[in-house]
Amino acid sequence: MLDLFYGHGYELVMPPMIEYLESLLTGTGHDLDLKTFKLVDQLSGRMMGVRADITPQVARIDAHLLNREGVMRLCYAGNVIHALPSGIMRTREPVQIGAELYGHSGVESDVEIQQLMLTALQTTGIDALHLDLGHVAVFRALVRYGEIEREQESELFQILQNKDVPALREATRDMPAAVRDALLLLPSLYGGAEVLERARRYLPQLPEIAASVDQLSTVSTAIQGMVFELCFDLAELRGYYYHSGMVFAAYAPGHSSAIARGGRYDEVGKAFGRARPATGFTIDLRDVALLAPASVPKGRIAAPYLPGDSQLARAIEKLRSAGEVVVIDLPGHANNFHELNCARHLVKRAADWVIESMNKEV
């Protein structure tokens, strides 16, 4: 995956595992606070945290450490630690790999990021991907349109996340009819391309909503053929206080949780003092490792210990350069292929070193 990202112009960064707490949580709202392990720095007495997500760290690298103008593409891979797992069967130590694109606010960067994510998943052999697309700007536009107070906004956010329609009906009963009807419609705006048509027809004719629906339509056209199933969910507000635009999640057959997530988070850079549009994704490598089809190993190759044989040394180096695993059979353990876990071995036939398996040349 990192090779794939590199080929698309993404530079690898490696943020630290532990940082001062404000550095880890700035710009993320409350989404990561409960997931972050906290500890006291023995030198300064300040609070530190073990990273629960790498994306905010990468955003700060773009804003301060690199501080470049124009479009910046960065990628990463590493462990994160969660004080609270995201589910009963979820690990506290996910392994994240992802890519982030900074400095471009157009839908074209959303397309690039989602195509890159889908390609990365397909390289592992996972087929029949399901992708959910949402846009948090739709709900934000309705909040501004209805002049909804912050406290009630938080209540509505939680209700929509739970898809609790009766609670939503109760919470909106005193609102103007246009706002109430629009909010009550959101949970039903889930499905195929017809969702976008219904949104255009029945949601208030606000410029932000129209732009959001157009962006979703553009992305869906661009990734057509890369997913088995594409669904829109205009009530999806995951990372609402973190993301600012389009959000997406990829699912694989037989797995209930998303194996990859992402979205636009233009406001995080602003929190670091440098407003930069940004979009990106994160893939959970543990999930991918479980779901990817098992490759058929060729089997390790045992080679004899002959330090003065330059021809053997060249043969071993050539095999290793081609991706083969060659293990030297050290003195005192000669021909113990079971101990070396090798199915093949190098033997000299005439003037050449060749690979043999089960007494047959391969």
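Just so you know, all these numbers are worked out from the coordinates, no wet-lab data involved. All values reported here derive from a predicted model rather than from experimental measurement. FYI the Cβ positions are ideal-geometry reconstructions off the backbone, even for glycines, and counts take in every protein chain you see.
The tail of the calculated P(r) for segment 127-177 beyond 14 Å holds 60 percent of all Cα-Cα pairs. Helix 310-321 axis versus longest C-alpha principal axis of the chain: approximately 20°, rounded to the nearest ten.
Here is the size of segment 128-249 from its Cα atoms: Rg then Dmax, 14.0, 45 Å.
Can you work out the base-10 log of I(q)/I(0) for segment 196-267 at q = 0.14, 0.21, 0.28 1/Å, using the Debye formula on its C-alpha atoms alone? Scattering profile of segment 196-267, log10 relative to I(0): -0.51, -1.09, -1.44.
Candidate cross-link partners of Lys318 among the lysines, defined by an alpha-carbon separation under 26 Å and a same-chain spacing of 8 or more, comprise Lys298, Lys348, Lys360. Over the chain, the fraction of Cα-Cα pairs per 10 Å bin, rounded to whole percents and listed from the shortest bin up, is 5, 20, 25, 21, 13, 9, 5, 3, 0, 0.
Here the average projected area of the convex hull drawn through the C-alpha atoms of segment 1-93 stands at 7.4 nm².
From most to least packed by mean Cβ count within 10 Å, the peptides 153-165, 133-145 give 133-145, 153-165. Taking only the C-alpha atoms of segment 13-158, Rg followed by Dmax gives 17.9, 51 Å.
For Thr221 and Ser44, the FRET efficiency from 1/(1 + (r/R0)^6), where r spans their Cβ atoms and R0 equals 51 Å, is about 0.45.
In a fully extended conformation the segment linking Lys298 and Arg150 would gain 47.3 nm over its present Cα-Cα distance, using 0.36 nm per residue.
Here is the size of segment 65-136 from its Cα atoms: Rg then Dmax, 15.3, 43 Å. Comparing Arg169, Arg300, Arg92 in a Gaussian network model of the chain, where Cα atoms under 10 Å apart are tied by springs, the biggest mean-square fluctuation is seen for Arg300. Among Asp233, Asp352, Asp287, the largest mean-square fluctuation in a Gaussian network model of the chain (Cα springs under 10 Å) belongs to Asp352. Residues whose amide H lies under 5 Å from that of Ser357, counting only those 5 or more places away or on a different chain, are Val362; hydrogens are built 1.01 Å from N in the peptide plane. One chain, two ends: Ser188 and Leu66. Fully extended at 0.36 nm per residue, the span grows by 39.6 nm beyond their Cα-Cα distance. Between rounded, prolate and oblate, where does segment 191-314 land on the alpha carbon gyration tensor, with a ≥ b ≥ c its root eigenvalues, rounded for a/c under 1.5, else prolate if a/b exceeds b/c? Judged from the Cα gyration tensor, segment 191-314 comes out prolate (a/c at least 1.5, a/b above b/c). Rounded to the nearest 0.05, what FRET efficiency do Tyr20 and Leu290 have when you use their Cβ-Cβ distance and R0 = 56 Å? Result of the calculation: an efficiency of 0.95. The listed peptides 216-228, 51-63, 312-324, ordered by packing as a protection proxy, come out as 51-63, 216-228, 312-324 (highest mean of other Cβ atoms within 10 Å first).
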